Structure formats: structure tokens, C-alpha cells
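The values are calculated or read from the model by the stated rules, or taken from the named source; none is laboratory data. Bear in mind that the values here come from a model prediction, so they are computed numbers and not experimental data. Cβ: placed from backbone, ideal geometry, glycine included. Neighbour counts: every protein chain shown.
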Amino acid sequence: MRSEAGRFEGLHETLLRAGIAPRRVKRYLAELDDHLAELTAREGAAGYDPAEAATRARALLGSEDELAQSWLSNPRLKSLTARAPWLVFGVLPPFALIAGFIIPLLVLMAWGFLMGFLPVHAHGPSTVPAWFRALVHAISLALNFLVGPLLLAWLARIVWRQRLSPVWLLLATGLFLLFFIRLDIVIGSPGLPMRVSVFSNLAALFTGKWHLAMDDDPAWQFLAQLFLTLLPALWLQRRFAGARVDREFT
């Protein structure tokens, strides 16, 4: 038997804001639901009407402060993001962003070599089908639009689920905008079966070649990527704003 939704909402928020891992919170609240159902059934068997049995059972279970105390005093129950948010939101994003581009690229290259589309030697013969060229172009374009935003969307979900400060997502978003990697793959070039061009704002910071990248990329692509990058932060801001409004009216 499960209790109605919201019975332990205050405890749920307290544990999440204290950094307890969401999966642990979910399991703990499920156990409390079961225990409360047993207490309610016991009080009902003792002759109390359903409403009074539920009230007595809730009192026997303990206050939310008492229920939370043992969990709040154990730092081992906290999630990694609560114990080291700088690692998850400051160190991880650049490496995850680079891996998100490199892994699909390596898969494409391995596939091209195995199928014989790309020669092992740079000056070897190469016959690249039109469909493979189109596929590579589509994948590189998709990576430009999706890798960073999906990474930030995942981090935004972590911030929301664990009730962390939105500042951490802003840090990750700022790091991505600093790197802002764009990938361009050209296959079948003379003497070079696959040419990979990578641009990032971090590199441009030291080379001063922003104008060259802007000349190569259509303006709509740059603006679309920028919008998708900022979208997770906008979504998170709306979720926290909506939660504040709900608390004010309840």
C-alpha cells in the first residue's frame, strides 16, 4: 500500500536540498510509506476510525525533522554532485564535450576504413559513395547542434533533481560557451581522405581568428547553436521560478 502523493513532500525537499542522492531519497520515502501503512493498519485494528488511525500512525512515525536527522548527519549518503559540484560542473563538461565529438568521429573513420571508403594511406585510392558523404555531413552537423546542448540538459536535470544552486549550471554553460566547439568534416579531399576541422572559442581566444570561423559558418547555424546551448539554463530557471511560486501559494 502506498500513501497519497505529497505526504512526505517536506521531507523529500529537505533531503534533496541537503545533498542526499535522489535514489536514496526515493527508497527511504518508499520505506516510510510502507511503515506508515503498517502503523495505520495496526491502529485501525485497535478500534480507531480510519481518520484517527491515520493521525495516530503519523504521530507514531515521528516528525519530519526526526525522520531527516539520521540521514542529514551521515555525509556518506550525499551524492557526488553535492560533495564535489566543482568536479561535476567544472571539470567534467570540457572532457565530456570533447569526448562527445571524438567518439562519433572515430566510429565514422573506423567504418570508412572497414568499408574501403577511406584508404589506410593518405595518398591511397579512395572511392567515397555520395550517400557516405551525405551521412558524414549530416552527422557532423548534428554533433554541432546536439553534443553541447544535450550535455547541458543532462546537467540541468541533475541540478533540478538534487535541488542544487543554478549557479553550477551557469558555470557549465559558461565553460561550454568558452569552448563552443564546431566540427567540420570533409571527405575525399585530394591526398587527404578525411579532413577534420575543429574550431573553439578557446582556441580563437589565443589566435584571434573569430572572424575566420564566422566567415565559414552561416549566421543561422551560429545563432541556433547558441540558442540550444542556453536553452537548458532557461528551462532550469523556469522550473525553479515555478517551484518558488508553488511554495508561496501552498
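Which of the residues belonging to region 25-38 are crowded, with 18+ Cβ neighbours inside 10 Å and either more than 14 Å from Phe8 (Cβ to Cβ) or more than 32 Å from the chain's Cα centre (by Cα) (or both)? Residue satisfying the conditions is Leu36 alone.
Can you tell which of Leu178, Leu183, Leu228, Leu164 is surrounded by 15 or more Cβ atoms within 10 Å (Cβ to Cβ), in contact with a helix residue (DSSP H, G or I) (Cβ under 6 Å, 6 or more places away or on another chain), modelled with pLDDT of 75 or more and not assigned by TED's automatic domain parsing to the domain that holds Arg23?
Leu228
Of the helices (runs of 4 or more DSSP H) lying entirely inside region 45-156, those containing at least 1 residues that are over 19 Å from the mean Cα position of the chain (by Cα), without any contact (Cβ under 8 Å) to a residue 24 or more places away in the chain and within 20 Å of Arg17 (Cα to Cα) span 64-72.
Taking (1) among the aromatic types (Phe, Trp, Tyr); (2) farther than 30 Å from Phe145 by Cβ; (3) in the same structural domain as Leu169 (by TED's automatic domain parsing) in turn, Phe101 satisfies each apart from (2).
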